[in-house]
Amino acid sequence: MRTLILRLPTGADLYDSLSKIVRDENIKIGHINAIGATSHAVIAYYDQASRKYLTIEFSDGMEIVSLIGNISIREGNPFVHVHVTLGDSQGRLFGGHLLQGTKVFACEVLIQEFEGNPLVREYDESTGLYLWKTDVGQ
Ligand code: ZN
């Protein structure tokens, strides 16, 4: 299947850009990875007890040491689920679930589309998350 290699523009919203590419290209199942830097970052930690995402913001420039994500179907549309590891000026690492509001300084993205049935997300009572249905995707 296809492999897309892209550079995101400075100032773009990282999550929205990845989401738009995947929807425009109608990629239903796949893998995303990227490296680069952010000028502002918003990530989240899922608190299992409260079942809420706790937001963490970085207003300084950070390295995108690693960005990894997957593509599946949620509510009928291609959906990206992305986690990032960010590095600060001391090389310290922070990470979490990527949210909207993260601004690209520079970003090189590789998206791989897979063959096979799309993975479909549905609400999972035991975690409070939209997870893959286990009977598809083989
Ligand atoms: Zn996540």
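Just to be sure before I move on: is ARG23 open to solvent by 70 Å² or more (accessible area, probe 1.4 Å), assigned to a strand (DSSP E or B) and not β-branched (Val, Ile, Thr) in the structure I sent? No: the conditions fail for ARG23. Considering region 1-20, and only residues there that are of a type outside the set (Phe, Trp, Tyr) and in a helix (DSSP H, G or I), the residue that is surrounded by the most Cβ atoms within 10 Å (Cβ to Cβ) turns out to be LEU14.
Just one residue in the set GLU115, GLU108 is exposed (fewer than 15 other Cβ atoms within 10 Å of the Cβ), touching a residue at least 60 places away in the same chain (Cβ under 8 Å) and more than 19 Å from ILE29 (Cα to Cα); that residue is GLU108.
Looking at GLY96, GLY91, just one residue is part of a loop (DSSP other than H, G, I, E, B), more than 18 Å from LEU6 (Cα to Cα) and either out of contact with any Lys or Arg (no Cβ under 8 Å at 6 or more places or on another chain) or modelled with pLDDT of 95 or more (or both), and that residue is GLY91. Only one entry in SER66, SER50, SER72 is assigned to a loop (DSSP other than H, G, I, E, B) and either within 12 Å of the chain's Cα centre (by Cα) or within 16 Å of the ligand (Cβ to nearest atom) (or both), namely SER50.
The values are calculated or read from the model by the stated rules, or taken from the named source; none is laboratory data. Everything numeric here is computed off the predicted structure, so don't read it as measured data. Quick reminder, even Gly has a Cβ in these numbers, built from the backbone with ideal geometry, and neighbours come from all protein chains shown. Surface accessibility is based on the protein's heavy atoms, side chains included, excluding ligands, DNA and RNA. Shrake-Rupley method; radii C 1.70, N 1.55, O 1.52, S 1.80 Å.
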